[in-house]
Amino acid sequence: MKVQNICCIGAGYVGGPTMAVIAKKCPDIKVTVVDINEARIAAWNDENVENIPVYEPGLPQVVAEARGRNLFFSTDVDKAIDEAQMIFISVNTPTKTYGEGKGQAADLKWIELCARQIARVAKEKKIVVEKSTLPVRTASALKDILEHTGNGINFQILSNPEFLAEGTAVEDLMAPDRVLIGGDQSEEGLSAINSLVEVYARWVPRERILTTNVWSSELSKLTANAFLAQRVSSINSLSELCEHTEADVNEVSRAIGTDSRIGPKFLKASVGFGGSCFQKDILNLVYISRSYGLDEVADYWEQVIIMNDHQKKRFAKKIIKNLYNTVSGKKIAFLGWAFKKDTNDTRESAAIYVADHLLNEQSKVSVFDPKVTEQQIYSDLDYLGSRSSEENKESLTVVKDPYKVCNGAHAIAVLTEWDEFKTYDWQKIYDNMLKPAHVFDGRNIMDKKALQNIGFQVHSIGSADDN
Ligand code: NAD
Ligand code: UDX
């Protein structure tokens, strides 16, 4: 089947950019992205394309080109399902916060709602594509729902996990390392796989489009994230050893990364990984492994999360220790709140946990991030439930100016690796701080020597303090 009409349910960080790129590359395919969140759809449709709800370099240009031509954003989910031959499900699949599997399993209630809606509305055969990251074997649950509650039509289910990273979503989508498509190995399944291959083949070289059975595809997504996160936890674990031995973790990363069997990527020591995917997907892997009785497998991967939690806590403790073991009433300025640079996403950002730890010690935290809103910062903190919303507002302030945020601070903590932090006038910042003025560089982006020459006490991740 040649696909001419695509619908995507979920206009988030994945659905929006992914569909915008498909629409750009396939001008003859009508792509409709739907969501139940009216404000989000309104923002995608905002006349000023800079106001779209996802901040990603290059995305406004892609949206501007395709929107209104063959790319549409709408809240009319039923209509879009009805018209489409291929339906991508790209809704959120966060960690469960209640009941069986709480804190580990993926919450699939939004996926199930989508399946039931598709089943109710669809009157002709459809290809349903899992774009969300799902536990292995979810496709069989989807099939069950579609077949038992639908109108007796044929559904093919494909797994097409998304590997884009936030901050580089557009380049990742334009030139992916690979596209993975899993499907049923029957004649109809293979034909459905082929329909999707033909969409991607418009711009992705065929040898980069991998096809597998549906279970391998589902599990490969969890595995890819687990491997990437494991590298970060591995180097972070060694960063602590470096701080005790005068080895420098940046040098160690370089030394091991030049071994072609290891490779240089994802070896940057940090305050800890964040983002909506790594922790959620590993917890899910742990949960699935345990549910099959594979305790050693589960314990192995769980350690990646344990190490990451330790790294975030360790960073907060380091700040406290260096401020004479008390931060009570002391102002600590945060540069960055997003979980990485070039995104406005804050989900699971290390900054949230470091702030929480410092606030428990009665510190006064003030935050500057170039792209994250004040409302988002408070909502992240309130979500933890450590203190009331009023208390959070009293102890943490959000400042829109990077210089003002540092005024009168005892210390600056760099939580996100935004490029602009490197080029600030650090002498000016130093002059307006309390002394001794500390910089805790949670991303190892600052020029340590230059800051020390100004007079700062600089504390990096994974190298001994030499102030
Ligand atoms: P998101 O929260 O940004 O977006 C999900 C959207 O789905 C929301 O806008 C929500 O309103 C909408 N939605 C939920 N239920 C709906 C329903 N029944 N009908 C219509 N809309 C509905 O999430 P995201 O970051 O885009 O992630 C989506 C999926 O992609 C997740 O499974 C995630 O694990 C996976 N993923 C995310 C990334 C990433 O970098 N964010 C990368 C790869 C894969
Ligand atoms: C990740 C995967 O990379 C992507 O393929 C998947 O589709 C979604 O999850 P994302 O979470 O957007 O993408 O960003 P990523 O670049 O992987 O970074 C995740 C976290 O790890 C960030 O907090 C980042 O700062 C941190 N990180 C990454 C490090 O601390 N060190 C590194 O060397 C790399």
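Here are the numbers for this structure:
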{"read-out": "Calculated FRET value between D309 and A165, using beta carbons and R₀ = 25 Å, to 0.05", "value": "0.70"}
{"read-out": "Distance in nm between pseudo-label sites at E47 and D425 (7 Å out along the Cβ direction from Cα)", "value": "3.8"}
{"read-out": "Charge dipole of the chain about the Cα centre (unit charges at C-beta), most positive-ward option of A269, L219, N151", "value": "A269"}
{"read-out": "For region 143-157, 3J(HN,Hα) per residue [Karplus equation, 6.51 cos²θ - 1.76 cosθ + 1.60, θ = phi - 60°, Hz, x = Gly/Pro]", "value": "4, 4, 5, 4, 7, 8, 10, x, 9, x, 9, 8, 10, 10, 10"}
{"read-out": "Sum of -39500 (n - 2.57) over DSSP H runs of 4+, divided by residues of the chain (222 nm, nearest 500)", "value": "-13500 deg cm²/dmol"}
{"read-out": "Percentage of interatomic Cα-Cα distances in region 137-255 larger than 23 Å", "value": "49"}
{"read-out": "Mean Cα-pair separation over length for region 224-467, i.e. relative contact order, pairs under 8 Å, 6 or more apart, %", "value": "22"}
{"read-out": "For F73, distant residues with modelled amide H under 5 Å away", "value": "V33"}
{"read-out": "Phi-based couplings in Hz for region 164-175 (Karplus 6.51, -1.76, 1.60; Gly and Pro marked x)", "value": "4, 10, 5, x, 10, 4, 5, 5, 5, 6, 6, 9"}
{"read-out": "Paramagnetic reach from R202 (point 7 Å along Cα→Cβ, amide N under 13 Å) across region 55-81", "value": "66-67, 69-72"}
{"read-out": "Amide H contacts of V414 (H built 1.01 Å from N, under 5 Å, at least 5 apart or other chain)", "value": "L335, F440, D441, G442"}
{"read-out": "Protection proxy ranking, peptides 60-71, 142-153, 358-369, average beta carbon neighbours within 10 Å, highest first", "value": "358-369, 60-71, 142-153"}
{"read-out": "Around V136: net Lys/Arg minus Asp/Glu count, Cβ-Cβ under 13 Å", "value": "-1"}
{"read-out": "Burial order of peptide ranges 87-93, 97-103, 1-7, 381-387 (average beta-carbon count within 10 Å, highest first)", "value": "87-93, 1-7, 381-387, 97-103"}
{"read-out": "Simple Cβ-charge dipole of region 5-204, Lys/Arg +1 and Asp/Glu -1, about Cα centre, in debye nearest 20", "value": "280"}
{"read-out": "Spin-label pair N151/I36, simplified geometry with 7 Å Cα→Cβ offset, distance in nm", "value": "2.2"}
{"read-out": "Geometric extent, Cα atoms of region 401-445 - Rg, Dmax (angstrom)", "value": "9.9, 26"}
{"read-out": "Largest-first ellipsoid semi-axes for region 373-451, taking √(5λ) over the Cα gyration tensor eigenvalues, angstrom", "value": "26, 14, 12"}
{"read-out": "Spin-label pair I256/M174, simplified geometry with 7 Å Cα→Cβ offset, distance in nm", "value": "3.4"}
{"read-out": "Environment charge of A333, counting only residues whose C-beta is closer than 10 Å and scoring Lys/Arg +1, Asp/Glu -1", "value": "+3"}
{"read-out": "Relative contact order (percent, whole number), region 5-204, Cα cutoff 8 Å, 6+ residue spacing", "value": "21"}
{"read-out": "Derived scalar couplings ³J(HN,Hα) [region 12-18; Karplus, 6.51 cos²θ - 1.76 cosθ + 1.60; whole Hz; x for Gly, Pro]", "value": "x, 5, 9, x, x, x, 4"}
{"read-out": "DSSP bridge orientation in the chain - percent antiparallel, rounded to nearest 5", "value": "5"}
{"read-out": "Under-5 Å amide H pairs with T95, H placed in peptide plane, nonlocal only", "value": "D107"}
{"read-out": "Relative contact order, percent, the chain [alpha-carbon distance under 8 Å, six or more residues apart]", "value": "12"}
{"read-out": "Region 403-443: chymotrypsin sites (Phe, Trp or Tyr not before Pro) in DSSP coil with no more than 16 other Cβ atoms inside 10 Å", "value": "Y424"}
{"read-out": "Cα gyration tensor of region 190-334 - equivalent ellipsoid semi-axes, whole Å, descending", "value": "37, 20, 16"}
{"read-out": "Fraction of alpha-carbon pairs over 30 Å apart in the chain - percent", "value": "49"}
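Here, each number is a calculation from the coordinates, and none is a lab measurement. Since we're looking at a predicted model, the values are computed, not measured. Note that each Cβ is placed from the backbone with ideal geometry, even for glycine, and that neighbours are counted across all protein chains shown.
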